[in-house]
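Inspection log for the structure reproduced underneath, given as structure tokens.
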Amino acid sequence: MTPNSLSLQIVILAATAGLIALSIVRWNRFRHRRIGRFGALLAVQVLLIASGVVAINRSGDYYTTWPGIVGSTAGLNPQVIVDRQTAARRSVDPVRSAADTWQTTPAERAVDESDAHRSKVEAVTIRGASTGYSLPAEVYLPGSYQANDTRRFPLLQLQPGYPGNERSWTAYLNLQSALDTMIADGAMPAVVAVMPQQNPIRGRDSECVNADPKVHPGSLADTYLSHDVPQYIRSHLRVGRTRQDLIVGGYSTGGYCAANLALRHPTVYGGAMVLSGYFRTIVDDTTGPLFTDQSEVDANAPIMTIRRRHPSLAFFLSASRDNREDLQQLARFQQQVPPTDQLEVLTTATGGHSSVAWKVHSRAGFAWFAKILAR
Amino acid sequence: MTQFLQPSSVGLMCVAIVAAVALTGVTAFAWDRRGGWLLLRAAGPLLSCALLTLGAFIGINLITSLFQTWPEVWGYLR
């Protein structure tokens, strides 16, 4: 009986109904009347809330294992099922030149590893030059950032799901300790990571798109994320200047954002890390209307834009095999990725649509980023 | 709004859970009383259930870091 199973839902509902019936029958006959009533009232309330929580969990297959609820990643069994590199990658990439190839010297790697645990996460406000937005963000600076004031670092732009915010990657997915550990272990070079707020209108899901001003004035999330954020980071921090040094990633809605932003702006991003993402904009009550015509819908659907001619991109896609919806979305998009793009696909046996899966998926995604930087 | 009232406040979660348990206790112990206490029969369980839901919500939000402010919550529920 898993946390997202129908049998658990039935058991809890039956227990709730049984306890309510028992309480009514025994209400004046408890041996210790007041304590019995107190216990019955409290137990019914707890069961009602548990029933609601299980129903919500079932609706999205969020947590699918009991260890997962307490954060354990045991049994996820991650497997890379596709690892496709393009031999012709550099020759077909009009943006990248030989001089852009990312290289770290052995001395730099040694400092990366020894200073890894001196990293910092700073809260900043990113003022958008194009949009005029001032939105919060968190920035991860590796321990070796302070060691050398001329060295530049690759940049990860990480988007949260919805609901979520600029703190989600650090607070929910323990980003700092994950990157520190991987850098200390030599699994990846030191990187800078920026986690920007993606919803210009607080409380409303932007889907990281530029909403049609006729229906949603003041929501230019795409311009803010793909132009303002990289420009701000590059002008304030020592990060790489080419698209190959900048990967956009995210989980759930953030995964959709990553795929969409990379495909809409392939001269800004070298690739996308899509964790349990989807590939068409979800327009619902949390977003409000976003587009007025079909051309805008199509232009923001990675499942369609991936077929258009674009500079070579690198994709890392992941999903849990026990979340059918995520797996189907991944499979459909994977089929459309052209051979000129790099592709790595990772699945886990369990994990659902939850932080448990994304902790494991993102670590594999960071290792993938290290691989494409080294190529 | 002070940090105490935010949806990721440990203090607010504790207050909500303690208040829910206390209200359930008062409701159970005063069930047979007459007069104004009768109001507790209807309002007590509903209010304590609402408080317990609030406590559970904040507890889950503390683990998942989904919401930082209440407007984000209203926006999601809208």
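The values are calculated or read from the model by the stated rules, or taken from the named source; none is laboratory data. Small disclaimer: the values here were computed from a predicted structure and weren't measured. Methodologically, a virtual Cβ is constructed for each residue, glycine included, from the backbone with ideal geometry; neighbour enumeration extends over all protein chains shown. The accessibility values were calculated without ligands, DNA or RNA, using every heavy atom of the protein model including side chains. Shrake-Rupley method; radii C 1.70, N 1.55, O 1.52, S 1.80 Å.
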Q. Does region A:217-227 contain any residue that is modelled with pLDDT of 95 or more, over 20 Å from A:Asp298 (Cα atoms) and either open to solvent by 30 Å² or more (accessible area, probe 1.4 Å) or away from chain B (no Cβ under 14 Å) (or both)?
A. yes
Q. In the list A:Leu346, A:Leu373, which residue meets the criterion of being more than 28 Å from A:Thr105 (Cα to Cα) and surrounded by 18 or more Cβ atoms within 10 Å (Cβ to Cβ)?
A. A:Leu346
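Would you point out the residue of region A:151-171, among those that are away from chain B (no Cβ under 14 Å) and open to solvent by 10 Å² or more (accessible area, probe 1.4 Å), that is nearest to A:Ala370 (Cα to Cα)? Walk me through it before giving the result.
Of all residues in region A:151-171, those away from chain B (no Cβ under 14 Å) come to A:151-157, A:159.
Cutting the leftovers down to open to solvent by 10 Å² or more (accessible area, probe 1.4 Å) gives us A:151-152.
Working: A:Arg151: 17, A:Arg152: 15 Å.
So the residue we want is A:Arg152.
Conditions (1) open to solvent by less than 60 Å² (accessible area, probe 1.4 Å); (2) under 26 Å from A:Arg37 (Cβ atoms); (3) touching a helix residue (DSSP H, G or I) at 6+ places or on another chain (Cβ under 7 Å); (4) within 8 Å of chain A (Cβ to nearest Cβ), marked per residue:
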| site | (1), (2), (3), (4) |
| --- | --- |
| B:Leu52 | yes, yes, yes, yes |
| B:Asn61 | yes, no, no, no |
| B:Thr64 | yes, no, yes, yes |
| B:Gly75 | yes, no, no, yes |
Q: Might you let me know whether region B:21-32 holds any residue that is buried (at least 17 other Cβ atoms within 10 Å of the Cβ), more than 23 Å from A:Thr286 (Cβ to Cβ) and in contact with a Ser or Thr (Cβ under 6 Å, 6 or more places away or on another chain)?
A: yes
Q) Just wondering, is there one or more residues in region A:254-270 that are modelled with pLDDT of 95 or more and within 14 Å of another protein chain (Cβ to nearest Cβ)? A) yes
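Table: residues versus (1) facing another protein chain (nearest Cβ under 9 Å); (2) surrounded by fewer than 18 Cβ atoms within 10 Å (Cβ to Cβ); (3) touching a helix residue (DSSP H, G or I) at 6+ places or on another chain (Cβ under 8 Å).
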| residue | (1), (2), (3) |
| --- | --- |
| A:Ala21 | no, yes, no |
| A:Ile24 | no, yes, no |
| A:Trp27 | yes, yes, yes |
| A:Leu41 | yes, no, yes |
| A:Val46 | yes, yes, yes |
| A:Val54 | no, no, yes |
| A:Tyr63 | no, no, yes |
| A:Trp66 | no, yes, no |
Q: Could you grab me the full set of residues in region A:164-200 that are in contact with a helix residue (DSSP H, G or I) (Cβ under 8 Å, 6 or more places away or on another chain), part of a loop (DSSP other than H, G, I, E, B) and free of Cβ contacts under 8 Å to residues at least 60 places away in the same chain?
A: A:Asn165, A:Gln198, A:Asn199
Q | Failed item in (1) part of a helix (DSSP H, G or I); (2) surrounded by 12 or more Cβ atoms within 10 Å (Cβ to Cβ); (3) among the hydrophobic types (A, V, I, L, M, F, W, C), with B:Ala42 passing the rest | A | (2)
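Among the residues of region A:228-244, which ones are in a helix (DSSP H, G or I), open to solvent by 10 Å² or more (accessible area, probe 1.4 Å) and of a type outside the set (Ser, Thr, Tyr)? Break it down stepwise before answering.
Here is the first cut: in region A:228-244, the residues in a helix (DSSP H, G or I) are A:228-236, A:243-244.
Right, trim to open to solvent by 10 Å² or more (accessible area, probe 1.4 Å) and you get A:231-232, A:234-236, A:244.
Scanning region A:228-244 gives A:Gln231, A:Arg234, A:His236, A:Gln244.
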Q) Is there any pair with a first residue in region A:330-355 that is part of a loop (DSSP other than H, G, I, E, B) and a second that is among the basic types (Lys, Arg) whose Cβ atoms are under 6 Å apart and which are 6 or more apart or on different chains, and what are they? A) A:Ala349/A:Arg321
